[in-house]
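The values are calculated or read from the model by the stated rules, or taken from the named source; none is laboratory data. Computed from a predicted model, the values in this text were never measured in an experiment. Cβ sites come from the backbone with ideal geometry, for glycine too, and all protein chains shown count toward neighbours.
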Amino acid sequence: MHIADLLTAERVACGDPSASKKRVLEQLSALIAGGQQALNPTDVFDSLLARERLGSTGLGHGVAIPHGRVKNGTVTVGAFIKLQQPIDFDAVDGEPVDLLFGLLVPEQSTQEHLQLLAQLAEMFSDAAFVAGLRAAGTAAELHALLSQWKPGP
């Protein structure tokens with residue numbers, strides 16, 4: 001599965017005003033659940049929050065990948081938020097976060113979950129790509145960049 005398969009234009013937000021970790025996780029949850037009848041934003045939020053309690057998903061360099069699993073889920077869903085202002089996310093490098101990719105997978109999809117996290121880590125380790133995301137001014141530009149990204153050989 002490719003990142004573009006997880007992300008619709010409706011699940012990309014640019015300039016989100018969230019000013020706290022809790023608020024941005026709520027926003028990601030709403031984006032992930034949007035248009036998915038089987039998903040409830042509260043259940044998504046609970047899953048993301050439970051994972052954060054195990055340790056921050058802040059990768060460093062202003063990027064976080066909040067992720068979780070959902071019981072009775074049948075589809076893997078992603079959402080992306082670019083914040084207006086960076087927020088404290090307890091990232092490993094102590095830097096505030098302004099780019100967040102939320103990922104929700106069905107509970108039984110362990111291998112797919114790990115593969116997608118590896119792809120996202122590769123994507124966000126590309127400094128030029130991340131700079132392009134930060135330079136983007138609209139959700140449509142962000143969606144295009146994220147959809148066009150391809151993993152290395």
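A compact table of results
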{"quantity": "Those residues of region 70-96 which are without any contact (Cβ under 8 Å) to a residue 40 or more places away in the chain and not small (Gly, Ala, Ser), in sequence order", "calculated": "Val70, Lys71, Asn72, Thr74, Val75, Pro86, Val92, Asp93, Glu95, Pro96"}
{"quantity": "Selected residue (criterion: farthest from Ile32 (Cα to Cα)) from residues of region 57-93 that are among the small types (Gly, Ala, Ser) and either modelled with pLDDT of 95 or more or crowded, with 24+ Cβ neighbours inside 10 Å (or both)", "calculated": "Gly62"}
{"quantity": "Filter result for Arg23 (out of contact with any Lys or Arg (no Cβ under 7 Å at 6 or more places or on another chain), under 19 Å from Leu116 (Cα atoms) and of a type outside the set (Asp, Glu))", "calculated": "no"}
{"quantity": "Region 134-153 residues that are under 15 Å from Gly15 (Cβ atoms), paired with ones that are at pLDDT below 95 and in a loop (DSSP other than H, G, I, E, B) (beta carbon under 7 Å, 6 or more apart)", "calculated": "His143/Leu7"}
{"quantity": "Selection within region 102-153 - in contact with a Pro (Cβ under 8 Å, 6 or more places away or on another chain) and within 21 Å of Val75 (Cα to Cα)", "calculated": "Gly102, Leu103, Gln119"}
{"quantity": "Of residues in region 5-47 being over 17 Å from Leu133 (Cβ atoms), surrounded by fewer than 21 Cβ atoms within 10 Å (Cβ to Cβ) and of a type in the set (A, V, I, L, M), the one modelled with the lowest pLDDT", "calculated": "Ala38"}
{"quantity": "Spans of helices (runs of 4 or more DSSP H) in region 34-153 with at least 1 residues touching a helix residue (DSSP H, G or I) at 6+ places or on another chain (Cβ under 8 Å) and of a type in the set (Phe, Trp, Tyr)", "calculated": "41-54, 110-124, 127-135"}
{"quantity": "From the options Ala50, Ala38, residue that is more than 24 Å from Glu141 (Cβ to Cβ), in contact (Cβ under 8 Å) with a residue 24 or more places away in the chain and more than 14 Å from the chain's Cα centre (by Cα)", "calculated": "Ala38"}
{"quantity": "Residue that is nearest to the chain's Cα centre (by Cα) [pool: residues in region 97-112 that are closer than 16 Å to Ala50 by Cα and buried (at least 19 other Cβ atoms within 10 Å of the Cβ)]", "calculated": "Gly102"}
